[in-house]
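The values are calculated or read from the model by the stated rules, or taken from the named source; none is laboratory data. Remember, predicted model here, so these are calculated numbers, not experimental data. Backbone-built Cβ (ideal geometry, glycine too); neighbour counts: all protein chains shown.
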Amino acid sequence: MAYEVVFFDLGGVVVDVESDRLMHQLSQLIGKSFEDVQAAVYHKELLLPFELGQIAARAYYEGLKGQLKFSWTYEQFVRGWTGIFSENLEVRQIMERVRKRHKLLALTNTNTLHLEYIKTQVTAAPLFHDWVASCEVGYRKPDPQIYLAALERAGNIRPQQAVYIDDRPELVEAGREVGLTAIRFENGRQLEADLRAAGVNI
């Protein structure tokens with residue numbers, strides 16, 4: 001069966017993520033350990049609702065500020081929060097070639113601030129025909145519902161008509177469990193070879 005759609009994860013695939021940069025900035029600002037800052041940033045009672053679209057960005061900021069007692073304004077926080085990305089140009093070049101014959105959709109666990117930044121600041125963003133983000137659909141990978149939502153967004157296609165690329169093994173496996181042809185991303189050369197091996201025209 002010919003593939004109609006290729007789903008790309010964002011963080012760790014389309015963009016590289018240096019979240020440690022934010023942790024170090026906050027650690028130096030407030031005089032707390034890197035580990036304490038990391039625990040607060042990733043606290044599931046804050047980050048999970050943020051990534052599921054259940055709380056707004058400012059509510060996440062206020063919650064984190066309450067835990068860490070930092071002096072950043074909301075605008076300073078947004079700059080730090082979104083200043084962790086660098087574009088993977090090798091992947092963008094692959095996307096440009098794949099897009100000539102296949103529809104491209106982003107399929108990502110993310111929050112509204114990161115999503116808006118990537119949509120507006122990353123040069124690969126216009127290559128996507130559509131976006132399926134946890135903060136908009138209310139499900140996070142590896143929940144099967146987000147993969148099903150992606151198939152519906154792609155035009156009610158069957159899992160066998162799509163390829164899914166992610167850097168995290170457990171999310172790749174979750175994609176396979178719903179019937180997607182799933183590829184674990186390691187680097188551009190490997191991705192190109194695996195796409196060809198899967199039968200994607202590139």
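Per-structure values
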item	result
Residue check for ARG153: buried (at least 18 other Cβ atoms within 10 Å of the Cβ), over 22 Å from VAL17 (Cα atoms), basic (Lys, Arg) and in contact (Cβ under 8 Å) with a residue 40 or more places away in the chain	yes
Selected residue [aromatic (Phe, Trp, Tyr) and either within 27 Å of ALA174 (Cα to Cα) or touching a Cys at 6+ places or on another chain (Cβ under 9 Å) (or both)] from PHE77, PHE85, PHE70	PHE85
Count of the stretch 156-171 residues which are in a helix (DSSP H, G or I) and touching a residue at least 60 places away in the same chain (Cβ under 8 Å)	3
Boolean, VAL178 is touching a residue at least 12 places away in the same chain (Cβ under 8 Å), of a type in the set (A, V, I, L, M, F, W, C) and surrounded by fewer than 22 Cβ atoms within 10 Å (Cβ to Cβ)	yes
The stretch 43-63 residues that are on the phi > 0 side of the Ramachandran plot, paired with ones that are hydrophobic (A, V, I, L, M, F, W, C) (beta carbon under 6 Å, 6 or more apart)	GLY53/CYS135
Test: residue in the stretch 11-20 that is under 30 Å from GLY179 (Cβ atoms) and of a type in the set (D, E, K, R)	yes
Residue tally, condition under 17 Å from ASN111 (Cβ atoms) and touching a residue at least 12 places away in the same chain (Cβ under 8 Å), over the stretch 27-42	3
Any hit, the stretch 93-109, residues being assigned by TED's automatic domain parsing to the domain that holds ARG184, surrounded by fewer than 19 Cβ atoms within 10 Å (Cβ to Cβ) and under 13 Å from the mean Cα position of the chain (by Cα)	no
When residues of the stretch 110-135 are limited to those that are in a helix (DSSP H, G or I) and among the aliphatic types (A, V, I, L, M), the one surrounded by the fewest Cβ atoms within 10 Å (Cβ to Cβ)	LEU127
Any hit, the stretch 131-145, residues being over 12 Å from the mean Cα position of the chain (by Cα), β-branched (Val, Ile, Thr) and modelled with pLDDT of 95 or more	yes
Subset of the stretch 172-202 [among the acidic types (Asp, Glu) and part of a helix (DSSP H, G or I)]	GLU173, GLU177, GLU192, ASP194
Candidate set: the stretch 29-73, residues that are among the small types (Gly, Ala, Ser) and outside any loop (DSSP other than H, G, I, E, B); chosen: the one surrounded by the most Cβ atoms within 10 Å (Cβ to Cβ)	ALA40
